[in-house]
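Reviewing the structure listed below.
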């Protein structure tokens, strides 16, 4: 029990402690992230100082190199050499911080290393005057720009706004300083070799870029007097005066300003911007260091406070749970005493308002109610003992009565009175015995009547069975005769149907022959008409032959008149005349033959017409015969259908009679069974000892 309670305590405290630890861890983790980020920002600002110094020296080296190249090597040689040494020292200082820069900005540092490696080659080219000032400036500017990117620290999400603004201002001043360095280089180059349009444009644009950067920085600082104060300083005033001199010289051609003077003035201005850049970086560095220190202190404070509070809560929880466990163990021992019958124990702390006090009060009430129940149980036990004696008497009587009933003695009854609570059992038992006696007596009389009735039914069923079997045999013979008659009628119907089909085919053939005769008559008429037309044509040919003969005679006469000159023509005319005579004779002969043919055709047409009339008469009679045969076939079919239905009805009647016979046999069997069962029932009832019919029923006694 103790182990389970402590396990429960652990299960309750552990999640709460885990949640509190998680919240403390999350809070401390956030503070640690802020402190780590602040330290990282501080370190990056420190690295940025070294990079800014390198940028400054590269800008100065770029300016000296521009002056050296523009003067064809006559100026700035010593200054350039000294500046290169300073630049190399700055490069070495940056190299000491290479590990951190590679970890934070790997790509930018890689680009920086590539451009830094090319610096020595550019210097050698400058020494040999093999590089124009503009191209030289591009090389240095590219290196300075990538160094500027490398000097910008990575801003985290927890970095304070003021630090971000100071770093942005520092970057803007660095950008302005870079533009000032380009302005210095372009000015030195222009004053040494003369300003062309390209150099002057770059020179002027660098000035505009400086102003834009410085004004933007002034806005970020939220102090308008910073730029004003900067513009009131001597280096700013001198650079402005030098710019005005250069602008005036572009108009007049007289600059009245030496390249070395311009370089020194520009350098003092760049140094001023450099000082401002360093100041902003230092302010950001100091503020970042303060934030880091503050975050570390807050981190330690939260960590210590969280641990202290957690330990306090844990100790308090342990003490509270131990107190609860002691009280629960005490109450458990009290309840265990109740289970052993110890109810005289004192229960303390039952007046409190907490849950354990309520539990103690409930146990106290349970104790009081249990003691009351024990007293009531003793009284109940005495009462149950008295009731048991009465129950034993009633059970003994009922046992004896039921035993006699099981032996078939329906005359049993209880005459001695039972205790008041069980008197109704005696009355109900006597009533049940009387009703059972009456019921079995009635069943005895009924079974006798059933036995007599079943004998009568059995005798009638035997007679009905014999008659039904005779009817079934008669119906079976009738059904066979009807089936033969139906087959004969069906055969006659099939023959009539076949005759009908044959007559129908003859009718169709007669109709077709009539059509052929009509077509033959029409053909004969056409032949007769053609013969008449040929006769007319022959007549025309006869006329033509006659006219030709006349013409030949006239030609012969004319030839004779012509004498010897017309002799040849006379011969031709004679031949034509003889040809005309032969044509006329042939036409007459053809006409004679055609007339004979026409007479034969007319005779044939008459015969064909007579054949058509005879066929039409035959067709009409065939149609009448076909209709009569069809009527006979339909009548035979109807007779066959009627006989089939009669045959079906007789078959159904035969089946019903057979079923009736089976049912009669089944009924006969059932009547025999019923008679046997009635006899058996009488034998079974005879086993019971019943009151005589004239004896008064116990029900009347009960009433």
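Each reported figure results from applying straightforward, stated rules to the coordinates on display, with no laboratory input. Because the structure is a prediction, the values reported are computed rather than measured. Here the Cβ positions follow ideal geometry from the backbone for every residue, glycine too, while neighbour counts run over all protein chains shown.
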Work out the FRET efficiency for residue 216 and residue 193 from their Cβ-Cβ distance, taking R0 = 35 Å, and round it to the nearest 0.05.
-> 0.55
Quote the FRET efficiency, to the nearest 0.05, computed for residue 347 versus residue 18 with a Förster distance R0 of 41 Å and r equal to the Cβ-Cβ distance.
-> 0.60
Potential lengthening between residue 297 and residue 134 on full extension [0.36 nm per residue; Cα-Cα distance subtracted] | 53.3 nm
Provide the gained length on full extension for the span residue 358 to residue 373, in nm with one decimal, where the gain is 0.36 nm per separating residue minus the Cα-Cα distance.
-> 3.2 nm
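Which FRET efficiency value, to the nearest 0.05, do you get for residue 448 and residue 483 by plugging their Cβ-Cβ distance into 1/(1 + (r/R0)^6) with R0 = 60 Å?
Rounded to the nearest 0.05, the efficiency is 0.70.
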Relative to the present Cα-Cα distance, how much length would full extension add between residue 607 and residue 209 at 0.36 nm per residue of separation?
-> 129.5 nm
What distance in nm separates the simple spin-label points at residue 439 and residue 247, each placed 7 Å from Cα in the Cβ direction?
-> 13.8 nm
So, by mean Cβ neighbours within 10 angstrom, what's the order for 165-173, 276-284, 575-583 with the highest one leading?
-> 165-173, 276-284, 575-583
Of 427-439, 397-409, ordering from highest average Cβ density within 10 Å down gives 427-439, 397-409
Per-peptide average of other Cβ atoms within 10 Å, ordering 287-294, 104-111 highest first = 287-294, 104-111
